[in-house]
Amino acid sequence: MFSSLFTRRQWVLFSALLLFWLILMNSLATDVLITGVVVALLITFTCGNGLTFFTEFRWSREAVVAGFLYYGYFFSELVKSNIRLAQIVISPSLPINPGIVKIRTELTSQMGRLMLANSITMTPGTLTVELDGEWLYVHWVTVEHEDIESATRHLAAGFERYLKVIYG
Amino acid sequence: MATMLDLIGALLLVCGTAFLFLGGVGLVRMPDTYNRIQAGTKTTTLGTLLTLLGVAFIHPDWSFKLLLIAIFLLFTNPLSSQIMARAIHRNGGDQSPLTHIDRLAEDKGR
């Protein structure tokens, strides 16, 4: 019945929102359910064309495996760079060397680029300032490479390897 | 067994709080807005995640809700710091004299 009313993208968004709500409320009472459905419908119709986590997701076995590997890699990077930044913050001389470098991504999908920018931002020490097509401008607390190729290899290549498989 | 879980949870909470504290120190020590964003919003990511994990060990029945908080944090945190950094750059905000390279300013002429 709803399949004609909703696009696939809207279906995914609606289900995710409703699930989120139900887990948060931890109840299946009628009033909770009705509130959830109404609000999820409103959001789906007003913002239904935005990007979601599964937009452009390639539904293959490799993509799912790469998804898990990606999160493993992401969390190990998160911990490593957090410790590095913490060391900078507590050392008395504050050894920073900040600058904004430019890197070039090979990813072509919107969602892939967004995930790359977010991953770079989430890793402490690097912060995506601007996204412009295939170019990313990254603020780096300790600039180690100024030219585009080696900065790309250093900052983006690790994430790109997985994102290429997941989103393309 | 419950005491073991409590112990692990308490240790994780201490680690999380340590990272949150270092984030606060970074906020004070860093020279310009970009570096403050780096320290203030990002060391706190790991700090908050560890704190949530610690709470999950102490109250296992809260795990689902804590997971939702963690997911929400992972999605909103990078976006907000990115938007802040971009807004500052577009408005020509303060930049520490230590900044020796700015490719964005070179390309966009601002």
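The values are calculated or read from the model by the stated rules, or taken from the named source; none is laboratory data. Quantities reported herein were computed from a predicted structural model and do not represent experimental measurements. All Cβ positions, glycine included, derive from the backbone under ideal geometry; neighbour counts span all protein chains shown. Heads up: the accessible areas ignore ligands, DNA and RNA and are worked out on the full protein's heavy atoms, side chains in. Shrake-Rupley method; radii C 1.70, N 1.55, O 1.52, S 1.80 Å.
Given the condition at pLDDT 85 or above and open to solvent by less than 40 Å² (accessible area, probe 1.4 Å), answer yes or no: does some residue in region A:26-39 qualify?
yes
Taking the stated definitions as given, is A:THR152 in contact with a strand residue (DSSP E or B) (Cβ under 8 Å, 6 or more places away or on another chain), modelled with pLDDT of 85 or more and not charged (D, E, K, R)?
no
Could you list, in sequence order, all residues of region A:150-159 that are touching a residue at least 12 places away in the same chain (Cβ under 8 Å) and either over 11 Å from A:ARG104 (Cα atoms) or open to solvent by 50 Å² or more (accessible area, probe 1.4 Å) (or both)?
A:GLY158, A:PHE159
Can you tell me which residue among B:LEU27, B:LEU13 is more than 26 Å from A:HIS145 (Cβ to Cβ), out of contact with any His (no Cβ under 8 Å at 6 or more places or on another chain) and more than 10 Å from chain A (Cβ to nearest Cβ)?
Details: B:LEU27 fails: more than 10 Å from chain A (Cβ to nearest Cβ).
The conditions single out B:LEU13.
B:ARG103 is checked against (1) touching a Lys or Arg at 6+ places or on another chain (Cβ under 7 Å); (2) more than 7 Å from chain A (Cβ to nearest Cβ) and fails just one. What number does that condition carry?
Looking at each condition in turn, B:ARG103 falls short on (2).
I'd like the full set of residues that are more than 7 Å from chain B (Cβ to nearest Cβ) and in contact (Cβ under 8 Å) with a residue 40 or more places away in the chain, limited to region A:81-90.
Hits for region A:81-90 are A:SER81, A:ARG84, A:ILE88.
Report yes if B:PHE64 is open to solvent by 40 Å² or more (accessible area, probe 1.4 Å), touching a helix residue (DSSP H, G or I) at 6+ places or on another chain (Cβ under 7 Å), modelled with pLDDT under 85 and farther than 18 Å from A:ILE120 by Cα, otherwise no.
Yes; evaluated as a whole, the condition is true for this residue.
Does region A:97-108 contain any residue that is on the phi < 0 side of the Ramachandran plot, at the interface with chain B (Cβ under 10 Å from one of its Cβ atoms) and among the polar types (S, T, N, Q)?
yes
So that you can scan it fast, the table gives a plain yes or no per residue for (1) of a type in the set (S, T, N, Q); (2) touching a residue at least 12 places away in the same chain (Cβ under 8 Å); (3) in contact with a strand residue (DSSP E or B) (Cβ under 8 Å, 6 or more places away or on another chain):
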{"site": "B:GLN38", "(1), (2), (3)": "yes, yes, yes"}
{"site": "B:LEU49", "(1), (2), (3)": "no, yes, no"}
{"site": "B:LEU52", "(1), (2), (3)": "no, yes, no"}
{"site": "B:PHE57", "(1), (2), (3)": "no, yes, no"}
{"site": "B:LYS65", "(1), (2), (3)": "no, no, no"}
{"site": "B:ALA70", "(1), (2), (3)": "no, yes, no"}
{"site": "B:LEU73", "(1), (2), (3)": "no, yes, no"}
{"site": "B:SER80", "(1), (2), (3)": "yes, yes, no"}
{"site": "B:ARG86", "(1), (2), (3)": "no, no, yes"}
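A:SER93 fails exactly one of the following numbered conditions: (1) within 13 Å of chain B (Cβ to nearest Cβ); (2) open to solvent by less than 30 Å² (accessible area, probe 1.4 Å); (3) over 19 Å from B:TYR34 (Cβ atoms); (4) not hydrophobic (A, V, I, L, M, F, W, C). What is the number of that condition?
Single failed check for A:SER93: (2).
Go through region A:118-138 and give me each residue that's facing chain B (nearest Cβ under 7 Å) and either open to solvent by 60 Å² or more (accessible area, probe 1.4 Å) or closer than 21 Å to B:ILE71 by Cα (or both).
A:ASN118, A:THR121, A:MET122, A:PRO124, A:LEU127, A:THR128
Considering only residues of region B:9-56 that are open to solvent by less than 10 Å² (accessible area, probe 1.4 Å) and modelled with pLDDT of 90 or more, which is farthest from A:ILE88 (Cα to Cα)?
B:GLY9
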